[in-house]
Structure formats: C-alpha cells, structure tokens
Amino acid sequence: MSVDTRASSAPTPLADAFYELSQRVFDADGDFAATVERKLAEARMDQTVELYLARALAIGVLSGGVLWLVGTGLGYLLVTTFIEGTPSFFGLVLPSEQVLSIVQAIKIPFLIVSSGVVLGVLGFALGFGTYIAIPYQRANVREREIEMLLTDSISFMYALSVGGLNQLEILEAMARADDTYGETAKEFQSIVLETQYFDTDYRSAIRNQALATPSDELSQFLTDMLSIIDSGGDMQRFLDDQKEKHLRTAKQQQELTLETLELFGEMYMTLSLFPLLLIIILVIMGMMGQAKTSMLYGTVYGMIPLIGVAFLVMVSTVKHDEPGSGYLEGNSDRRGAASTGISDLGAIEGYVGEYGIFDRIENREGTYETLRLLKRPHHFFRDNPLYVLSLSVPAAMVLIGIAVLSGTAPLSLSGFIDNPVGATVIWLYVPLYVAFLPLAVFHEWNVRSRRKIVGNLSDSLRKLSSANDTGMTLLESFAVVADTSSGKLSEEFETIHAKVDYGTSMRGALIEFNNTYHIPRLARTVKLITKAQEASGRLTDVLSTAARTSENQDDIERERRSRARMQIVIIIMTYLTLLGVMAILQVNFLDTMAGLAEQSSGSSGAGGAAGFGSGVDTDMLSMLFFHAVTLQAVISGLISGYMSEGSLLAGVKYAVVLPAFALVVFSVI
C-alpha cells in the first residue's frame, strides 16, 4: 500500500519528552483523539495518534516558548523606549496611597510579562494548531481528488466487468491503476493489500475501507457494492447504474462550481474598483493637506497586488485542477523504468550496459535527438513551453543591464517621477514582453495542439465501437477510423496501426501515443481500453462507455468555457473602465487641480487662506496612476487565465496584452 511517509511514524526524542504530558492532556478514548486518528488514516499518514499528538504538543510548547521570549523582550524595549513614567490604564480612584503605590509599582512589570504571555499563547496556538491541521488538509486534498476521479474509476470498473473479469480481478486491476486514477486507486490498494497480508476476506476489507476513506461518495459506493456482493446481485448492472449516476453528479457539481465562479467574478468587479476609489479619496485629501503620500504608495503597490493574490487564492479553493500527470506506466515493449523527461532516448535506455553496441547506439541516439532539437527548436518549445524561459529571461536581464549601463534606465524614484512612462517601459514592459510573450505563444500553441487530439475523441470512440461491433478487431477498427476520418487524431490512429503491424503490441502503441500528449483525460481513456483489451477482444460496450464518458466531459468542458468566457469579458471590461477613469483623472483632474493650487498659492501669498493643493506633486500622481493601471492589467490577466483554464500559464497571454492598452493610453495623454 502506498502511504505518506513525509512525517515519520518512528518516535523521536521530541515526541518522547512530551508523551507523558500528552497522555495526561488528551484522553486516548476522547472525541478529539479519535477525530485526529481518523484524519491520519484518511490522509494516509503512517503515524499513531499518540505520537502525533505528543509531537504537536512539543511543537506548540517550543513555538510558544520562543514567542514568549520574543514578546517579553519586545515588551521591555517598548516600555523603556516609548513609555515615560507610569501609565494610567483605567483612571480608577484607589482608596489609599498604599494600594496606589503597589499598583503603580507592578504596572510596568505587568505590561512586560503580559506581552510575553500573549505572544506565547499565540505561538502555542499557531504551532500546535498548524501541526494538527496537516492531516485535515491532506485528507481534504485526497477527498477532492477521489471524488473528481470517481466517475472515471467506476467507468473503468464497468469496462472490466464487461470484459468478463470477476469481482476480485476488478478490485486488483483498480488497485494497480494508480498511474491514472491516483488517490481513488490507492483506496482500492488498501482493500487488496488487507486481503493479501492480513488474512481478511474481501467483504470485510471493503467494509473497513468504506469506513476509512475520506470521501463520502466513495464510502457510499463501497457500501452499495458490498450489498450487491452479499446479495449475489449483478455486478455489471450495478456498475452501469453507478456510472450513470455519477455522470449526472459530475455535471451537477460542475454547475455548482461554475455558479460559484460567477459569484467570484462579480465580487472581483467590485473589489478591483476599490483601490481606484481609495486613490481618488486620497488625492482629494492630499489637496487639502490631510493625507500622506505613503498611503498612496501603499494603495498602488500594496493593496492592488494583495487584492489580486487574495482573489486567486479564493478562486483556487473552488477551481479544481485536473488530477494526474497524463503519463501511463507499464509499457512492456520497453525495458526498465519508463522515462518521460526531455532526456528520454527511447527503448535503447533499457539495454545500455549489456553490450558495447547498445552503448554506441545510445550515443548516436543522443546525438540524433540533439540535432533534431536544434533543427526544430520551435517544436521542442511547443511541447515544453516553460523551457523557453531559459532563453527569454536571460535576454530580458541583458536588455535591462544594457539600459542601466547606458544610463537610459533610471535608478532613483525621482527618475521615475520625471519620466514615468519611459522608466516603466524599461523596468517592466521590456522584461514582460521579452520574457513572457514567447511563453504565452508556445503555451497557447501547446494547448491548441493537444486540444486537437481530444476535440474529436468522442466521435472517434463511437466509430471504433461501431467498427468493433461489426466483428472487426481493435486493430482493424483503428485502421477503418483512420481511413474514414481526418484530423490529428486519425493520423495518430494510423500511426498506432502501423506500429502494431511492425511488431509493437497494441498496449505498447497506445501507451506511447498517450505519453506523447500526456493529457489526463486521454490517459484515462487509453487505460480503460488497454485493460479491457487484455481481458477480451469484444470491446463494443467498453468503447461505448469510453465514448459516453468522453461526451460527458465534452459537455462539462463546453459549459465551463462558455461561463468562463463571460467572466473574462467582465474582468476585462472592469479593467478598461478603471483605465478610462484613470485617463480622465490624468487629463482633466490633475491639470485642473494643479491650476487651482497655483491660484490658491498666489492668494495665500497675498494674505488669503492656506493654499488648496499646494503640497500635491502632480508628476508623482501621474506615475502612480500609470503604475496602478499597469499592475491591475497584469493581475487581471492572470486571474482571467486562471478562471478559464485553471492555470496561471493560461493567463500569461492576457497579462501581456492588457498592459499594452495602459501603455498606449498613457503614452498618448
């Protein structure tokens, strides 16, 4: 069984020192210890609850002690530095001089001790609470992944039942599919290993796992499966019903997620305008001499990024990334561990070291792969977009270095204020476009090339099912679909057919095809087909199931894109509104206020009232306005991409386009 060993179950001196104390503080049979023990099991953390609580208590005491010392020291420094004499707390009238003198004598020590105690208690709560929260957090992560993959896992088990596998074989196959079904497969690993190593019958193992799993949906599924096993019901029909049920549940969950994201989009529209309103208020207060410049700097360089980061964190709690890497293991045509990195040289790596000829072949293969990369670097960067940063980031740094050495790039705040647009272009826009524009281009190319594969996947699976239903083998079905279809996927089917004709196994060809694109959705489909193909040559129902699952994912993806498109429009329109208001402030408001400040200054010199706005630096405000809309553009772009695709990389294309509007507008005005 795969268990999480990041926190060792072995006792440590720290846990031993606090073990007796933890036994006194926490009742071993109490609700708190039982809850923590359950979460440790759900998180698959290999620790006993007694040792874990002892270690948590030790960490809490140590962190509390450290903060107690820090708080006491800070309290002493603050009292000796900023407090003169004896402070008055409540202004109470004490009955006698003797009581008053005692109270006055203990006030200063009380302040010092209480500051240490407060920080010490806070440190204990943070240390103990954070360590206790770890199994809760990991259990929640596992629960989310299990429920995301449960629909496909049930489809996989249904396909195996159609192929003729019995109940035990289905459980074992599901347990071995952790490269595709992740945490869901690990739950079935627990069932299989409990039957193999603890002499438990598989009915009891299923019952135990239904109680131990962090997912309520999987728990209900295992409970229902157990009732079918005990009653001798039709397992294939049960899995078919469960498959349809969870397909509907997945759609309902997606609808709920999209509605929540729509609410977040409306919230962001309001929150993103708040810094603008605050800037206007601060500027007006500055005209009257009642606001500090530091508050403007804090709003532009602090509040705007913080609101964006907070919103991204909030969206990440709802927006679920697709689990899995998309790679499949177990290609029997290749010896040794499969490599999926850019240094993978193919099957020859499994033979290196046996004979000298294989070593020479490896060297030639490495030379060939290097020359192919140099001849077609754009294809390499398309398949590995992040690697383009190894060239673009140094190029951006070189350009900035040249600008600094030539004296073009200002190195002081006054230089930015004198020429805000030019200085910002050098320090922000040049690195932004040189470093991240290539990344945006190659990432979008990568996404579109992979999307061509899954775009026709559902129709192709339907065609494969129809061809197989006529009596053709799976290999013949691939050839027919490749001849009667067009597009990238049909070309890949033709390649698979050719590989099998030349001696590659069907399973090996399918796994190589999947690992070329490593799309998690495609990996689950290929896993289902390869496993069912091993069990039976009649795959009509299996392919129909794969097509039905793929169509359901197409519907969910189509709805998600439609909703996300509306959210992107809202975010972009909100940003353009902010940009327009800032441009109006720059053109009309600042110039008008500067004129009023001059008139007010003249009248004040003639004996009038104090000059209105005489302390406002319009050049500084122009710089802050430009930086505000630029930062807002970058943040809005990243948020747009994250809401649409669930990835910050998807937002890079928006983050390099939106700032161009700010640059054009402020260059003109």
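Some values worked out for this structure:
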read-out: Filter result for Gly265 (at pLDDT 70 or above, surrounded by 17 or more Cβ atoms within 10 Å (Cβ to Cβ), part of a helix (DSSP H, G or I) and under 30 Å from the mean Cα position of the chain (by Cα)); value: yes
read-out: Failed item in (1) modelled with pLDDT under 85; (2) under 30 Å from Gly471 (Cβ atoms), with Leu596 passing the rest; value: (2)
read-out: Counted residues, region 371-396 - those being free of Cβ contacts under 8 Å to residues at least 24 places away in the same chain and closer than 28 Å to Val629 by Cα; value: 1
read-out: Any chance Ile496 is surrounded by 18 or more Cβ atoms within 10 Å (Cβ to Cβ) and touching a residue at least 24 places away in the same chain (Cβ under 8 Å); value: no
read-out: Residue that is farthest from the chain's Cα centre (by Cα) [pool: residues in region 501-518 that are closer than 13 Å to Leu474 by Cβ and surrounded by 19 or more Cβ atoms within 10 Å (Cβ to Cβ)]; value: Met506
read-out: Residues of region 24-75 satisfying the condition of being of a type in the set (Lys, Arg), surrounded by fewer than 18 Cβ atoms within 10 Å (Cβ to Cβ) and under 25 Å from Ala212 (Cα atoms); value: Arg38
read-out: Ala564 being outside the structural domain of Thr180 (by TED's automatic domain parsing), within 20 Å of Asp469 (Cβ to Cβ) and assigned to a helix (DSSP H, G or I); value: no
read-out: Residues (over 17 Å from Leu328 (Cα atoms) and at pLDDT below 85) located in region 485-515; value: Ser485, Ser486, Gly487, Gly503
read-out: Helices (runs of 4 or more DSSP H) wholly inside region 136-228 that include at least 3 residues being surrounded by fewer than 21 Cβ atoms within 10 Å (Cβ to Cβ) and on the phi > 0 side of the Ramachandran plot; value: none
read-out: Some residue of region 626-648 being surrounded by fewer than 20 Cβ atoms within 10 Å (Cβ to Cβ) and on the phi > 0 side of the Ramachandran plot; value: yes
read-out: Answer residue from region 599-637, given it is in contact with a Gly (Cβ under 7 Å, 6 or more places away or on another chain) and over 18 Å from Leu663 (Cβ atoms) and is modelled with the lowest pLDDT among those; value: Ser604
read-out: So Ala523, is it in contact (Cβ under 8 Å) with a residue 60 or more places away in the chain and part of a helix (DSSP H, G or I); value: yes
read-out: Residue among Gln553, Gln567 that alone is out of contact with any Ser or Thr (no Cβ under 7 Å at 6 or more places or on another chain), within 30 Å of Phe626 (Cβ to Cβ) and surrounded by 20 or more Cβ atoms within 10 Å (Cβ to Cβ); value: Gln567
read-out: Qualifying positions in region 167-194 - farther than 26 Å from Pro135 by Cα and touching a Ser or Thr at 6+ places or on another chain (Cβ under 9 Å); value: Gln167, Leu168, Ile170, Leu171
read-out: Region 430-463 - residue that is within 15 Å of Leu522 (Cα to Cα) and hydrophobic (A, V, I, L, M, F, W, C) and, of those, surrounded by the fewest Cβ atoms within 10 Å (Cβ to Cβ); value: Val447
read-out: Within region 371-488, helices (runs of 4 or more DSSP H) holding 1 or more residues that are acidic (Asp, Glu); value: 377-383, 413-418, 430-455, 457-469, 474-484
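Each row is one residue, and each column tells you yes or no for (1) among the hydrophobic types (A, V, I, L, M, F, W, C); (2) at pLDDT below 85; (3) farther than 30 Å from Leu277 by Cα; (4) not assigned by TED's automatic domain parsing to the domain that holds Asp178.
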{"residue": "Ile304", "(1), (2), (3), (4)": "yes, no, no, yes"}
{"residue": "His320", "(1), (2), (3), (4)": "no, yes, yes, yes"}
{"residue": "Pro323", "(1), (2), (3), (4)": "no, yes, yes, yes"}
{"residue": "Gly326", "(1), (2), (3), (4)": "no, yes, yes, yes"}
{"residue": "Ser332", "(1), (2), (3), (4)": "no, yes, yes, yes"}
{"residue": "Leu345", "(1), (2), (3), (4)": "yes, yes, yes, yes"}
{"residue": "Ile348", "(1), (2), (3), (4)": "yes, yes, yes, yes"}
{"residue": "Glu369", "(1), (2), (3), (4)": "no, yes, yes, yes"}
{"residue": "Leu389", "(1), (2), (3), (4)": "yes, no, yes, yes"}
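Listed here are the residues, each with its yes/no results for (1) modelled with pLDDT under 80; (2) of a type in the set (A, V, I, L, M).
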| site | (1), (2) |
| --- | --- |
| Ile83 | yes, yes |
| Leu92 | yes, yes |
| Gly116 | no, no |
| Glu143 | no, no |
| Glu147 | no, no |
| Ala159 | no, yes |
| Gly164 | yes, no |
| Leu168 | no, yes |
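The values are calculated or read from the model by the stated rules, or taken from the named source; none is laboratory data. Since the model is a prediction, treat every value here as computed from it, not as a measurement. Virtual Cβ from ideal backbone geometry, glycine too; neighbours counted across all protein chains shown.
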